[in-house]
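The structure under discussion appears below in the form of structure tokens.
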């Protein structure tokens, strides 16, 4: 056994050419010396022995020669690598386990990093994009509202911290003409400084002139690269052509570059840009108590965010003094553009990144543990090498080479997994995660993976290397290694305890999210999404200039759709669930009117007759709207039970009927509440509940009626398949007017699934991490327990001879495993309690300290740990006594 | 074997001697040892454990070049020869040595 080891070690040490040369050189010297002694009359044996004596420490000489080479590390690297490779092949099973473990750990980290890099770290594609900020206004009830246009003008005139400021307003409409199909587009009306503020150059043409950015200016338009390709086939002569937007002729003056990315290319209102200044005559642009525009600004070079905030706050304060009626209590906020853009993803990504770090740490601990276990079986080999003159540093280096080789293989596998994962992530990530389309495995990500791999290799290699190379020579040579394993065992147990703690923390976080998701799925949306198809209809402004033109069309279309076979009911609304929403200020029953920005807000919808039936919204008291609730009839409204609870507390629902509510801006007529319906989750299942008010569309304030009526949503309930319904409706609309575009066609069920996409996405990732961590923990516990059983075979044999029953042995061993787990679980639970607040923002309907989650995770781990300890324990209890005692 | 009084080499002297011995032509390790013993009349003792690392050190520093050839009795042996840099180094070290021994002798004589 020893000789075989010796041979292997020697072979390994002498495997390179340099080593062979060194051996030959010294061997020649020995041979010549031996011959000299032979000639002096010694016997061959004597001569050989004398020559060796004379030489004095062959191996030391070799080491000294190796040391003489300055680049010993580099020279020895191929040798170390080859040796390491051989060791890894020999322990193939172990290598496989380690490789997979590391591959998963490094892969998860690298994939996650690719997401974080794309979403949070990569700068936006504008020059000095860290100086771009979004400015908003802030009141007590609306901390994050858009800006009043006159306020923007004052800010821009008086600021000292910003070099550019531009206002933007989302607009939508229909592009037509040019011999191409009419198309629904979304874009922005922007002041002329907009592109300069961004620092974005156009691909073709120019931006707006000062004259064009004024009321009555020439109608001009900048189009996106996508629209340019789609409608003009990328023809440079598109610039200068006139196209019809909302029925009015606009001259195309510029085309954006393909790389233009303002709030995401795929998911954005970036089709077209028109001058905002032409809208200045609109009343809402002149009022300080109406806040329609978003303000984009570029901070001056060298100005910090703090200074920009101070500057803007001072401006808001002076405006509050000058216009106390509208601006009293109105502050202002400055948010970096990137943060405004990806803000709500930061928390989820941080949690996921943290989870992937935990997973990698657990993987490292596991590998360190496996290497420690193997280390004890390599003690003899190491001792032999030390005896042959190898220095300790040399051995540590050799062992680290081995672990780095392991981590490199794991890292390569990890990069491969990350490559697959990144592709999947970029594809299947929900739209809600902006910038996800940019997820790629570029050099930054590969560099991150490589760094992770190296750090990992050192992290899990250092403890085993130091421990193994520190063997006491005589001890190992004398005892066959058993007596010296105590220190290693304690270290391994400590590692398992730490591992369990990390795993518990990770599983608790996962568990909390699982419970949140479960709560969310169980959440009743308040409507019945089955068999409901929704879509949006847009009437081009130019052809539908007045109410009188719009209303009959809506009426006629509704009748035609209702006549399609299979459709049970159809209803128009200003916004279907999971689509648009409109929050309006109102005066609650029995209260005095308040200033508009202080009045409470309600989700407000203007709906046609039968809307609540179409969506399956339950009626709790009173009635729903009928065709009789038309213009000129008594003004009515329907509210939800949330409204009743908040603004008419303590009343029976029946007593809510007959109360009056007044919508601000809506002609401000008092409306009699004629029905109370169930609260619906309009924007998403997890939204904060805001009270809801329904108004008959026919009774909307006339100027609003025109705006709302040109962009109505259609909701249809039917017993037939969604595709059939949609194609039937399309055909009906086309027959009526081929230039009316339909958009946002979806079923409510699909929209509901989509609205939970981001959450589900996070959850699936965390479940994968949690599951992998649990698996690694099982491997870790099993490894340590079965190793300790193998070390204690003799002791167990003695115990059983002295009368211990197999059950006692099992209990003893499983108990030991459980003790480690309970220690770790306690640590993990405590850290989870401390970390809980970090993920609170991701939870829904469950507290961060949810006892059920904590208890289930701890129970799960205990069971798993017991199972992982039970197998080796059974083996120990089934020992062949005679063999165990004989074993030396 | 009768033991004569032997002197350990001063630090750094071995390399000077090796360079000097190689001035007249390429030698292998064994030859170098024999010559040191012979020329010094068995006064200077060099062990293989010191000589070979020194040779490797010199090779690493580029003062000597090494190549494989056949020894006297036709065995594979590594021969060392002086490089240009080695020649220069030898020159410099000889002068240093002369100044050093001159100074020591002067002290021993006149102090």
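Values quoted throughout were computed directly from the atomic coordinates according to the rules given, and no laboratory measurement underlies them. Just so we're clear, the structure is a prediction, and the values are computed from it rather than from any experiment. Ideal geometry is used to build each Cβ from the backbone, glycine not excepted, and the neighbour counts take in all protein chains shown.
Here is how the numbers come out for the structure above:
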read-out	value
Residues residue A:181 and residue A:669, FRET efficiency given R0 of 30 Å [Cβ-Cβ distance, rounded to 0.05]	0.10
Three-way shape call for the stretch A:213-365 based on the alpha-carbon gyration tensor, with the a/c threshold at 1.5	oblate
Ranking of A:385, A:374, A:53 by count of other Cβ atoms within 10 Å, fewest first	A:53, A:374, A:385
Chain B: calculated mean residue ellipticity at 222 nm from DSSP helix runs of at least 4, using -39500 (n - 2.57)	-18000 deg cm²/dmol
Mean Cβ neighbour count within 10 Å, used as a protection proxy, ranking A:521-531, A:39-49 highest first	A:521-531, A:39-49
Alpha-carbon centroids, the stretch A:151-165 and the stretch A:281-308: separation in whole Å	7
Rough spin-label spacing in nm, given labels placed 7 Å along Cα→Cβ, for residue A:218 and residue B:99	8.9
Principal-axis tilt of helix A:149-158 within chain A, Cα atoms, nearest 10 degrees	60
For chain B, built as a Gaussian network whose Cα springs stay under 10 Å, the top-fluctuating residue of B:31, B:72, B:42	B:72
Label zone at residue A:767 (point 7 Å along Cα-to-Cβ), backbone N below 17 Å, the stretch A:342-383	A:352
Nitroxide proxy distance, nm - points 7 Å out along Cα→Cβ at residue A:313 and residue B:47	7.8
Hydrodynamic radius (Kirkwood) for the stretch A:655-813, which is based on Cα pairs only, to one decimal in Å	23.7
Mean ellipticity per residue at 222 nm, deg cm²/dmol - from DSSP H runs of n ≥ 4 across chain A, formula -39500 (n - 2.57)	-18000 deg cm²/dmol
Potential extension, residue A:35-residue A:790 segment - 0.36 nm per residue separation minus Cα distance	266.5 nm
Gyration tensor over alpha-carbon atoms, the stretch A:513-571, equivalent ellipsoid semi-axes in Å	36, 17, 8
Förster radius 25 Å - calculated FRET efficiency between residue A:466 and residue A:67, Cβ distance, rounded to 0.05	0.70
Cα→Cβ-extended label distance, 7 Å offset, between residue A:322 and residue A:140, nm	2.5
Cα-based helix-to-principal-axis angle, B:48-60 vs chain B, degrees rounded to 10	80
Full-extension gain in nm, residue A:559 to residue A:458, via 0.36 nm per residue minus C-alpha separation	29.0 nm
Shielding score for B:45-51, defined as the mean number of other chain Cβ atoms within 10 Å	5
Gyration tensor verdict on chain B (Cα atoms; rounded if a/c is under 1.5, prolate if a/b is larger than b/c, oblate otherwise)	oblate
R0 of 25 Å, Cβ-Cβ distance residue A:548-residue A:211: FRET efficiency to nearest 0.05	0.15
Number of partner chain Cβ atoms within 10 Å, mean per residue of A:57-64	3
Most fluctuating residue given options B:55, B:22, B:38, as computed from a GNM of chain B linking Cα atoms under 10 Å	B:38
Centroid-to-centroid separation of the stretch A:347-426 and the stretch A:86-105 [C-alpha atoms, Å]	9
Chain A: relative contact order in percent, alpha carbon pairs under 8 Å with at least 6 residues between	15
Shielding score for B:67-75, defined as the mean number of other chain Cβ atoms within 10 Å	2
Angle in degrees between helix A:486-522 and the longest Cα principal axis of chain A, rounded to the nearest 10	20
Three-way shape label, the stretch A:118-164, alpha-carbon gyration tensor, a/c 1.5	oblate
Chain lengthening between residue A:822 and residue A:750 when straightened (0.36 nm per residue, less Cα-Cα)	21.5 nm
Debye equation applied to the C-alpha atoms of chain A, log10 I(q)/I(0) at 0.07, 0.08 Å⁻¹	-0.76, -0.90
